[in-house]
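Have a look at the structure below before the remarks.
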Amino acid sequence: MSDESAGPLMARLDAPAAEHTRFAVVADPHVGVRATGTSKLFEHTREHFENALADIATRNVDAVLSPGDLTKDGEPWNYDAVDETLAGLDVPFYAVPGNHDVPKKRDEHDSPDASWFAKKYGPGELPYHVELGGLDLIGLNSSGTSERLYESHDGQVTAESLEWLAETLDTAENPLILVHHNFPPVSDQIEAHREIEPEMGLPPVMRDPEPFADVLAAGGAELVFTGHYHLPATGEYRGVRELAAPTTCSFPQSYLLCETSPEGTTVRLVPVTDETGLELGHAERSQDSVTSGGLTAIAAARLASFPLVYE
């Protein structure tokens with residue numbers, strides 16, 4: 001039942017393997033209806049998010065997942081636009097907050113807290129565990145609250161969440177993890193590119209990733225979906241495979257269509273705009289700054305290397 005026409009194969013994995021389940025991963029739409037420009041193409045963010053959901057509606061998915069950054073910076077009016085776009089979705093939508101979705105010290109507006117986000121875009125709480133076809137979807141907040149990581153865009157999974165995670169994995173048969181921030185093997189790809197562009201900045205990282213990865217590995221969680229860096233990437237850390245999803249807002253504007261079966265999981269990249277739109281995204285992202293230019297180069301190199309993993 002694989003939809004090979006959807007887009008190029010990003011990954012073919014032996015695990016998770018379960019009864020047939022199809023889901024989409026839509027990362028970092030950064031909906032910003034009152035903003036324009038930058039490598040995120042803010043004037044197109046809602047359009048790209050709408051395009052993604054419209055295409056997903058034709059793919060017979062069981063759910064849509066998002067590793068966060070639904071909004072530009074947690075603005076209430078941008079959440080309103082997200083809600084209007086999601087209104088026509090007829091399958092469950094499960095998200096975790098990104099670093100731009102939760103309150104930050106520099107905000108000049110009232111950003112809803114992570115607890116509000118969990119009620120609005122998940123089953124009602126964070127962390128959470130829901131059945132998704134043959135999978136156990138587990139969502140975790142690495143992005144903080146109004147009291148934690150309030151002054152930083154870095155990520156961290158708390159000790160309390162890790163304790164909950166260990167207990168949850170004890171009963172999960174086919175765990176699939178959703179979290180915003182990235183493990184070192186993916187973050188290190190940004191660092192490595194600085195040999196080519198030394199002035200490239202480093203995006204926020206996940207703090208203390210080792211305990212998180214060790215709990216996942218001990219509990220048999222072999223696949224984690226993340227977002228954050230706005231490019232397709234993969235890495236393996238302490239026995240855990242990470243797939244970083246591209247964004248719908250910046251080049252290569254796209255989402256991931258995923259399919260799990262008893263033979264394993266396949267992941268395809270699906271563009272949310274036409275060739276002209278992709279060319280615009282590439283031009284704007286590559287010229288916006290040294291950092292965004294470096295991320296564009298990495299994204300282009302990853303696309304040229306598909307599939308990134310084939311087991």
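The values are calculated or read from the model by the stated rules, or taken from the named source; none is laboratory data. Quick caveat: nothing in here was measured; it's all calculated off a predicted structure. Positions of Cβ are generated from backbone atoms using ideal geometry, with glycine treated the same way; all protein chains shown enter the neighbour counts. Only protein heavy atoms, including side chains, enter the accessible area calculation; ligands, DNA and RNA are left aside. Shrake-Rupley method; radii C 1.70, N 1.55, O 1.52, S 1.80 Å.
Step by step: first the residues of the range 126-165, then only those that are open to solvent by 50 Å² or more (accessible area, probe 1.4 Å) and among the aromatic types (Phe, Trp, Tyr), then the one that is nearest to GLU259 (Cα to Cα). Which residue is that? Ranking the candidates gives TRP164 first. For the range 5-12, the condition of being part of a helix (DSSP H, G or I) and free of Cβ contacts under 8 Å to residues at least 24 places away in the same chain holds for at least one residue. Tallying residues that are touching a residue at least 60 places away in the same chain (Cβ under 8 Å) and either touching a Lys or Arg at 6+ places or on another chain (Cβ under 7 Å) or surrounded by fewer than 18 Cβ atoms within 10 Å (Cβ to Cβ) (or both) within the range 260-286 yields 6. Applying a threshold of 7 Å to beta carbon distances and a minimum spacing of six or more residues, or different chains, the list of pairs starting in the range 113-126 at a residue that is within 20 Å of ILE177 (Cβ to Cβ) and ending at one that is assigned to a helix (DSSP H, G or I) and among the aliphatic types (A, V, I, L, M) reads GLY124/ALA118; GLU125/ALA118; LEU126/ALA114; LEU126/ALA118. Cβ separations smaller than 7 Å between residues 6+ apart or across chains give the following pairs from the range 24-49 residues that are surrounded by fewer than 24 Cβ atoms within 10 Å (Cβ to Cβ) and part of a helix (DSSP H, G or I) to residues that are basic (Lys, Arg) and at pLDDT 95 or above: PHE42/LYS72. A count restricted to the range 54-74 and to residues that are in contact with a helix residue (DSSP H, G or I) (Cβ under 8 Å, 6 or more places away or on another chain) and either surrounded by fewer than 21 Cβ atoms within 10 Å (Cβ to Cβ) or part of a loop (DSSP other than H, G, I, E, B) (or both) stands at 3.
Looking only at the range 75-102, which residues are of a type outside the set (D, E, K, R), open to solvent by less than 10 Å² (accessible area, probe 1.4 Å) and either within 15 Å of HIS153 (Cβ to Cβ) or outside any strand (DSSP E or B) (or both)? Residues satisfying the conditions are ASN78, TYR79, ALA81, VAL82, VAL96, PRO97, GLY98, ASN99, VAL102. Taking each residue of the range 213-228 that is over 16 Å from PRO16 (Cβ atoms) and looking for partners that are among the small types (Gly, Ala, Ser) and open to solvent by 10 Å² or more (accessible area, probe 1.4 Å) with beta-carbon atoms closer than 8 Å, six or more apart or interchain, yields ALA213/GLY239; VAL215/ALA166; ALA218/ALA166. The set of residues in the range 151-187 being part of a helix (DSSP H, G or I), closer than 17 Å to GLY239 by Cα and of a type in the set (S, T, N, Q) consists of SER187 alone. Restricted to the range 166-184, and to residues there that are β-branched (Val, Ile, Thr) and surrounded by 17 or more Cβ atoms within 10 Å (Cβ to Cβ), the residue that is farthest from ALA244 (Cα to Cα) is THR168. What's the number of the only condition in (1) open to solvent by 10 Å² or more (accessible area, probe 1.4 Å); (2) farther than 27 Å from THR266 by Cβ; (3) not basic (Lys, Arg) that PRO123 fails to meet? Answer for PRO123: the failing condition is (2).
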